[in-house]
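The structure under discussion appears below in the form of C-alpha cells.
Bear in mind that the values in this text are calculations on the coordinates, not laboratory data. Quantities reported herein were computed from a predicted structural model and do not represent experimental measurements. Quick reminder, even Gly has a Cβ in these numbers, built from the backbone with ideal geometry, and neighbours come from all protein chains shown.
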Amino acid sequence: MPACAESIMQMITAALFETYYPSPVGTLQIKSSAAAIHAILFVNAWKGPKLNEDEMTDNAGSAVVKLCTTQLDAYFEGKRRTFDFPFAQDGTAFQQKIWNALLDIPFGKTISYLELSKRTGDVKAIRAVGTANGKNQLSIVVPCHRVIGSNGSLVGYGGDLWRKKWLLDHEAKYAHGVQELGDW
C-alpha cells in the first residue's frame with residue numbers, strides 16, 4: 001500500500017466510532033466513520049472483541065450506522081438478502097479481490113474455498129484465499145460465512161462455527177423454505 005494511502009487509512013481507523021447491535025446470534029460490534037461502516041464483528045467470538053456488557057458503550061449514532069442497523073434488522077427478519085449501506089475495509093489488493101468475490105455468492109448458497117480460489121483466478125491460492133476470507137471484518141455483510149469446505153463441511157469461521165451454521169440455516173430458510181441444513 002502506498003504511504004499516502006496507508007496514512008489515510010490510519011487516520012480513518014483512528015476516527016472510528018463503535019456501537020453495539022443485539023442480533024439473534026449475539027452482540028455485534030459495529031465500527032464506523034462518518035462516511036462508512038468499517039467493521040461488523042461478533043463480540044466474544046473466537047476472533048471477535050472480548051468485552052463485558054459494561055464495556056459496550058455506544059459512541060456512534062450517525063446516519064450510516066442507522067442505515068446499517070436497519071438493514072441488519074431486515075436481514076434477520078428474512079426481508080433483506082444484500083446490503084447497500086456504505087462500507088469499506090482496509091486490506092491488500094488480494095484481500096479486496098477475495099472480499100469482492102464473496103459479495104457475488106448469492107444469499108442462501110454456499111461455495112467451497114476451492115471454488116472461491118477458482119473464481120478469483122488461481123486454484124493454487126486456496127490457502128491464501130482462506131486466509132483472506134478469515135481477515136474479513138464485515139461479518140454477514142461480506143458473506144464469508146457462505147464459504148465451506150470442499151466436502152461440504154463447516155470450517156473456518158472467526159465468528160464461531162455455530163454462528164456460521166445459524167446464518168446458513170437462516171438464509172436457507174428464507175431462500176428455499178428449508179428449515180435447517182442438518183447436523184454438521
Karplus 3J(HN,Hα) series, Hz, for region 93-103 with 6.51 cos²θ - 1.76 cosθ + 1.60 (x for Gly, Pro)
4, 5, 4, 4, 4, 5, 4, 5, 5, 4, 5
With the Cα gyration tensor of region 73-129 in hand, convert its eigenvalues to equivalent ellipsoid semi-axes via √(5λ) and list them largest first in whole Å.
24, 15, 7
Would you calculate the convex hull of the Cα atoms in region 93-176 and tell me its volume per residue in Å³?
82 Å³
Interchain or sequence-distant (5+) residues whose placed amide H lies within less than 5 Å of the amide H of Val155 are Gly149
By average C-beta atoms within 10 angstrom, highest first, the peptides 134-146, 97-109:
134-146, 97-109
